[in-house]
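Read through the structure below, which is laid out as structure tokens, and then see the notes.
The values are calculated or read from the model by the stated rules, or taken from the named source; none is laboratory data. Everything numeric here is computed off the predicted structure, so don't read it as measured data. Every residue, glycine among them, receives a Cβ derived from its backbone with ideal geometry; neighbour counts consider all protein chains shown.
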């Protein structure tokens, strides 16, 4: 719903800004909740072996 309001009242740039901020917030919540280990994501595949 927020994306719709942003697109209607602010145009495409506002739509992209709200979508990007929503994605950052989603990722931050995912990391803070503990569903993903940031060290595991950043280590790459070579270090797991």
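A search for C-beta distances below 7 Å between a residue of region 18-36 that is within 20 Å of residue 8 (Cβ to Cβ) and any residue that is modelled with pLDDT under 95 and loosely packed, with under 12 Cβ neighbours inside 10 Å, counting only pairs 6+ apart in sequence or on different chains, returns 18/2. Taking helices (runs of 4 or more DSSP H) as the structural unit, those lying wholly within the chain and holding at least 1 residues that are touching a helix residue (DSSP H, G or I) at 6+ places or on another chain (Cβ under 8 Å), surrounded by 12 or more Cβ atoms within 10 Å (Cβ to Cβ) and at pLDDT below 95 correspond to 2-10, 12-33.
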